Every structure is written in C-alpha cells, then in structure tokens.
Amino acid sequence: MDSETLTLLLRGGHLNIEERRARGSWPHAPLRLNDLREHLVRLIEHESFFPSARPSADSPAEGVFIERRGPNEFVCIARRTFPTLEETERPFGRAEDAASFYLGSYLHLPGDLDGWKVIE
C-alpha cells in the first residue's frame, strides 16, 4: 500500500471501492501491524500532533491524539466530550510506544482498518 493511503487510513479516513481501485489498493492483502506501527512512528516523529491538531476546549472532537513534545517525549491524549469534557494524558518516552498505544487503544488493531484486515 502506498504511504499516502496508509496515512489517510491511520488518520481515520475512509475510502470507498472506487477510490481504492483508483489508488491501486483493490483487491488488497492484509496489512501487518508492525508495518503500520513503523509508518506511524515516522509520522509522529515529524508532526506536532497526530491525527490532527489538538482540538480547542469548545470543540466537539473526541478520540486519541498524539502530541510530540520533544525528541523523546510523546503524549497520547484521550478526549471525550460527553457528558462533560474529559481529557487524560499518557506520556511515552518512545515514539514506538505511543504508536502502539494509538493503534491498539484507539484503532483496536489488530483487527479491521476501514475494511483492511490488520494482522500481527
């Protein structure tokens, strides 16, 4: 799978069958969890926030966000807005650990990623 498509999926994007065919991603083989982790590590080592900027206090956005605070400092921020806004932070000293947390706790992988089977 190409890097752009993989990044889109890890950010929570969706591709229909026509889009998958246009990208050359249909039919597709299962994805390996380790490959996803390696790709995500490369992203979070160079971006301040993943999958998007940290939402403002009045934003309804929920989910898990990874913030890079330094070369060996990554924080996974879990955010929910109902019944009240609540955020928890979990620090990690390695990008690999933050990526593993995001993939397992937020995307529930191994398993299904927008129709792609993710295996160990």
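Between a first residue in region 96-108 that is free of Cβ contacts under 8 Å to residues at least 60 places away in the same chain and a second residue that is basic (Lys, Arg), which pairs have beta carbons less than 7 Å apart while being 6 or more apart in sequence or on different chains?
What qualifies is 96/37; 101/90.
Mind listing whichever residues of region 13-33 are out of contact with any strand residue (DSSP E or B) (no Cβ under 7 Å at 6 or more places or on another chain) and in contact (Cβ under 8 Å) with a residue 60 or more places away in the chain? Even if it seems obvious, please write down each step before you answer.
Filtering region 13-33 down to residues out of contact with any strand residue (DSSP E or B) (no Cβ under 7 Å at 6 or more places or on another chain) leaves 13-27, 29.
Result: 13, 14, 15.
If you check every pair at least six apart or on different chains, which have Cβ atoms under 6 Å apart with a residue in region 41-57 that is over 15 Å from residue 78 (Cβ atoms) first and a residue that is at pLDDT below 90 and surrounded by 18 or more Cβ atoms within 10 Å (Cβ to Cβ) second?
From region 41-57, no pairs qualify.
Kindly list the number of the only condition in (1) crowded, with 18+ Cβ neighbours inside 10 Å; (2) among the aliphatic types (A, V, I, L, M); (3) out of contact with any Asp or Glu (no Cβ under 6 Å at 6 or more places or on another chain) that fails for residue 33.
(3)
Do we have residue 27 as at pLDDT 90 or above, surrounded by fewer than 13 Cβ atoms within 10 Å (Cβ to Cβ) and at negative phi here?
Details: at pLDDT 90 or above: no; surrounded by fewer than 13 Cβ atoms within 10 Å (Cβ to Cβ): yes; at negative phi: yes.
When the stated conditions are applied, residue 27 does not pass them.
Return the residues of region 39-65 that are modelled with pLDDT under 85 and surrounded by 14 or more Cβ atoms within 10 Å (Cβ to Cβ); say none if nothing qualifies. Let's see the steps before the verdict.
The initial filter retains those residues of region 39-65 that are modelled with pLDDT under 85, namely 54-61.
Passing the criteria: 54, 55.
Can you name the residue in region 66-112 that is basic (Lys, Arg) and at pLDDT 95 or above and is also surrounded by the most Cβ atoms within 10 Å (Cβ to Cβ) among such residues?
Looking only at region 66-112, we keep the residues that are basic (Lys, Arg), and these are 68-69, 79-80, 90, 94.
Now restrict to residues that are at pLDDT 95 or above: 68-69, 90, 94.
Numbers: 68: 19, 69: 10, 90: 15, 94: 12.
Filtering region 66-112 for residues that are basic (Lys, Arg) and at pLDDT 95 or above, the one surrounded by the most Cβ atoms within 10 Å (Cβ to Cβ) comes out as 68.
Check residue 80 against each of (1) in contact (Cβ under 8 Å) with a residue 12 or more places away in the chain; (2) within 21 Å of residue 8 (Cα to Cα) and name the one condition it does not meet.
Among (1) in contact (Cβ under 8 Å) with a residue 12 or more places away in the chain; (2) within 21 Å of residue 8 (Cα to Cα), the lone unmet condition for residue 80 is (2).
With 54, 20, 42 as the choices, which residue is closer than 15 Å to residue 113 by Cα and charged (D, E, K, R)?
Details: 54 fails: closer than 15 Å to residue 113 by Cα; 42 fails: closer than 15 Å to residue 113 by Cα.
One residue alone meets the criteria, 20.
The values are calculated or read from the model by the stated rules, or taken from the named source; none is laboratory data. The model shown is predicted, which means the values in this text are computed figures rather than measured ones. No Cβ is skipped: glycine too gets one built from the backbone with ideal geometry, and neighbour counts run over all protein chains shown.
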